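J.: The structure follows.
The values are calculated or read from the model by the stated rules, or taken from the named source; none is laboratory data. All of these numbers come straight from a predicted model, not from anything done at the bench. Ligands, DNA and RNA are stripped out before the accessible areas are found, and what is left, the full protein with its side chains, is counted by its heavy atoms. Shrake-Rupley method; radii C 1.70, N 1.55, O 1.52, S 1.80 Å.
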Amino acid sequence: MRDFQVVCEVEPATRADLMHVRHQIGVLSKVASAFLIPDNHIGRATVSSVAVAHEVALMGGRAIACLNARDRNLLGFQRDLLTAAAYGVDQFLFVYGDRPASGGRTGELTVRSMIHEARAFNGWRSGRSEPFRVGVTSGLAPLPGWKMEADFLFVQVSFSLSELVEWRESIEFPGPVFAGVMVVPSAAMARKLTADIPELAVPEELVDLIDSDPDAGVDAACRLVSQIKDSNNFDGVHLIPVSRYRETARQLERSL
């Protein structure tokens with residue numbers, strides 16, 4: 001098992017201002033092994049994930065730029081790969097993408113075709129001697145064979161250690177596997193998440209705890225991170241602290 005890593009997802013910039021992103025990176029840098037930069041998060045326009053990943057590197061951090069199939073045709077994707085190569089961004093998480101808030105899907109790319117295109121990206125075009133490292137996501141379900149071509153795997157958010165461990169023991173994957181952990185910031189968000197995405201349903205007992213103590217979501221997430229680390233089943237976590245990144249960083253600094 002490799003060293004345990006904490007990949008922290010940052011809240012992306014929806015305006016032409018990176019101050020909030022920089023603040024998150026600064027606060028989380030003591031506990032984060034790397035930062036995941038979302039791409040047009042939840043169907044809203046955001047500052048380019050490649051540009052923000054470059055900003056993370058300038059601040060001394062390591063970044064994984066998320067790129068979705070939803071918003072790109074092949075030419076646009078090739079442009080993003082060239083831009084990443086020019087900026088020195090070399091790690092990506094490829095996703096299909098949520099339903100967009102405006103416009104529609106291009107329909108030209110899939111995650112599978114993005115992997116193949118990234119693998120075929122010629123060294124002379126990218127100026128790189130080493131290939132890009134690409135990751136994909138998975139639910140708590142059997143892993144399609146083509147996802148074995150990825151370099152690393154991000155697993156959907158779960159609130160159950162036993163479900164995560166049971167799933168991990170059911171699959172074979174040669175690269176690092178990161179369990180998804182979310183800090184639930186409020187009972188209202190918990191109920192909305194449960195209603196909108198049933199597979200990410202927040203346990204009712206946790207919702208009740210957050211109702212009486214706003215810090216209960218931070219406590220539960222940090223406790224789960226420690227449990228996942230102690231289980232020795234995962235290479236790390238994909239941590240989504242949302243607006244509670246300050247409290248999460250403080251608690252993880254004490255517990256990890």
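J.: Under a 1.4 Å probe, what is the accessible area of the chain per residue, stated in Å²?
T.: Here the residues of the chain average 48 Å² of exposed surface.
J.: Only Cα pairs under 8 Å and at least 6 apart count here; give the relative contact order of the chain as a rounded whole percent.
T.: 20 percent
J.: Which whole-Hz ³J(HN,Hα) couplings does the stretch 63-70 yield from phi under the Karplus relation 6.51 cos²θ - 1.76 cosθ + 1.60, θ = phi - 60°, glycine and proline marked x?
T.: 10, 10, 8, 7, 10, 9, 6, 4
J.: For volume of the Cα convex hull per residue in Å³, the listed values are [x] 104; [y] 130; [z] 118; which was obtained by calculation from the structure presented?
T.: This structure yields the entry labelled [y].
J.: In addition: Apply the Karplus parameterisation 6.51 cos²θ - 1.76 cosθ + 1.60, with θ equal to phi minus 60°, to every residue of the stretch 168-180 and state each ³J(HN,Hα) to the nearest whole Hz, in sequence, with x for glycine and proline.
T.: 4, 6, 8, 10, 10, 9, x, x, x, 10, 10, 7, x
J.: Right, here's the next one. Leaving out ligands, DNA and RNA, and with a 1.4 Å probe, what % of the accessible surface on the chain is carbon or sulfur?
T.: 50 percent
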